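Notes for the one structure printed next.
Coordinate-derived values only; no laboratory data. For clarity, every value in this text was computed on a predicted model and none was experimentally measured. Here the Cβ is made from the backbone with ideal geometry for all residues, glycine too, and neighbour counts use every protein chain on show.
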Amino acid sequence: MFGQTGTSRVRGVVTDASGGVVNGATVTARQMDNGLERTMVTSGSGQYSFDAMPLGPYVVTATMTGFKKAQSRVAELQVGTALTVDLTLVPGGVNEQITVSEGTSQVETAEASLGQVISTKPIEELPLNGRNPLLLMGLLPGVSGHGSASQNFSVNGDRGRGVYTTLDGVDITDPVIPNGAASQVSMNPDSIGEYRVITSLAKAEYGRNSGAQVQVVTRSGTNKFHGNLFEFNRNDAFNANDWFNNRSGLPRELLKRNQYGASLGGPIVKNKIFFFFNWQSQRLVQSIKVTDTVLTSQARNGIFRYMVGAANSPTLVDSSGQPLVPACSGSVTTGCYRTYDLVANDPLHKGLDPLTQSQINLTNLPNDFTAGDGFNTATFRFNSPSSTPSDNYTGKLDYHVNANQQAFLRWSEGTSTTLGDSVNSGLPKYPNPKLYPGRTQNSDGRSISVGLNSVVTPTMVDEFSMGYTKRSLLFLDPTHPGLEVIANIESDPYIF
């Protein structure tokens, strides 16, 4: 059992005007969004500590006979980071009140862990290609890498596989490719409240991996209804064509991505039961440039050309594949090319092998002679189609049993299908989908977590969380029936 949770601690010291600690003062911490209140009495050293507190804005008050009521300003409690609120009591009537404008601190004095909280505002407002909030960890000190298809981050020189990610205290690290930005539960900026990245000197409660510890917390409902509708669009109409495509007479690569959804949260019973729901879908249709080395028309018929006095090179042919050097003859014996006809020189006169020729005919003729050897092989360039529809849902219920007990239930589900898996070399390599359809990646994931936080005594808190996560990832290869679940089977009918 590990200690990763989605709660934190409000603590501080109550002193009088002379700086002496106040023993026996009554301290109350109130969560402004959901109305949760907890009360305790300061210790002999004037200290108080509210553990296992849900995240959000808090106001802390302190009262004692003979002193005015002291109240802090609103301060934000963040995941995994204790909020220190020190209060000063001034002599006066209990009915009088003073508001402390200073005294709240987010400076960590109880542990040596280094890290940073990425709060709701940057998650919502910073641009995110693909709307994966975990990519923002690349902005933190000590984190290097990139947020491309591999999404591989290294923290303080550790391997990307060293990153350990939890959601509401439950492990969601990708067991196959744990690389920081990937997880078994799909998230988006509207489904999570905030997350903390511990980059160095993590405490023993953060178990398992040697790299960064990432604590993610799902959003919760509050006493007010909040929701949104959104759509984000990318379209190739705003893009320029690739220079190589222009040269080969190909259109620009297709890109039409729509990400849309909604979220809603609020009270079921005010100050008691709250709900939150988030939905996001994506419809991505694109084409990605693919280049294949194929045989020229002469080589397909068994006629191979080779240079004499030099090596074959695409610089020795023009844009249509015609040689720029002369054919060898009686007067030209070097710096020229010769031909060899396999059919004409076959002593058995059997001609080209029908099976081999049928495989070769599955490929296209070259349309780019700047690669290959120019004489016998060249490049076929085209825009290969790919599409990725996906749907993801997250729901959460929070139940305040009483001031000393809070429970939650979180459920997440998502499906994604990539037709033409560009990440794992599964794009169709030739235009005819019946001959070479490419590979498909299917992803189906579900996750559920439950938790109960209980204040047993003023000095003892019990935090219980349990979760179940399952994700299946299949690589389907239509050209190899029966072997669909084996990743990266090469089924190109003609490979150089």
Inset, instruction - Could you check the simple spin-label distance between residue 356 and residue 269, using points 7 Å along Cα→Cβ, in nm with one decimal? - result: 8.0 nm
Inset, instruction - Order these peptides, 52-60, 223-231, by their mean beta-carbon neighbour count within 10 angstrom, highest first. - result: 52-60, 223-231
Inset, instruction - Treat every Asp and Glu Cβ in the chain as -1 and every Lys and Arg Cβ as +1, leave all other atoms uncharged, and give the resulting dipole magnitude about the Cα centre to the nearest 20 debye. - result: 480 debye
Legend entry - Long-range amide H partners of residue 461 with built H, under 5 Å: 456
Inset, instruction - Just order 166-173, 440-447, 41-48 by mean Cβ neighbour count inside 10 Å, highest at the front, would you? - result: 166-173, 440-447, 41-48
Inset, instruction - Holding the Cα-Cα limit at 22 Å, pick out from 224/396; 270/396; 121/256; 272/396; 256/470 the pairs that are longer than that. - result: 121/256; 256/470
Inset, instruction - Provide the FRET efficiency to the nearest 0.05 for the residue 281-residue 425 pair, computing r from the beta carbons and using R0 = 22 Å. - result: 0.25
Legend entry - Convex hull volume per residue in cubic angstrom - Cα atoms of segment 293-381: 88 Å³
Legend entry - For segment 8-105, alpha-carbon Rg relative to the globular expectation (2.2 N^0.38 Å, N residues): 0.99
Legend entry - Cβ-based charge dipole, the chain, positive-most Cα from 225, 12, 311: 225
Inset, instruction - Assign one of three labels to segment 114-218, namely rounded, prolate or oblate, based on the Cα gyration tensor with a ≥ b ≥ c the square roots of its eigenvalues; rounded applies when a/c is under 1.5, prolate when it is not and a/b is larger than b/c, and oblate otherwise. - result: rounded
Inset, instruction - Mind jotting down the three principal axis lengths of the chain based on Cα atoms? Whole angstrom, largest first. - result: 119, 41, 41
Inset, instruction - Give me the percent of DSSP beta bridges within segment 8-105 that run antiparallel, rounded to the nearest 5. - result: 75 percent
Inset, instruction - With unit charges on the beta carbon (Lys/Arg positive, Asp/Glu negative), name the residue among 351, 416, 448 whose Cα is farthest towards the positive pole of the charge dipole of segment 310-451. - result: 448
Legend entry - Relative contact order (percent, whole number), the chain, Cα cutoff 8 Å, 6+ residue spacing: 11 percent
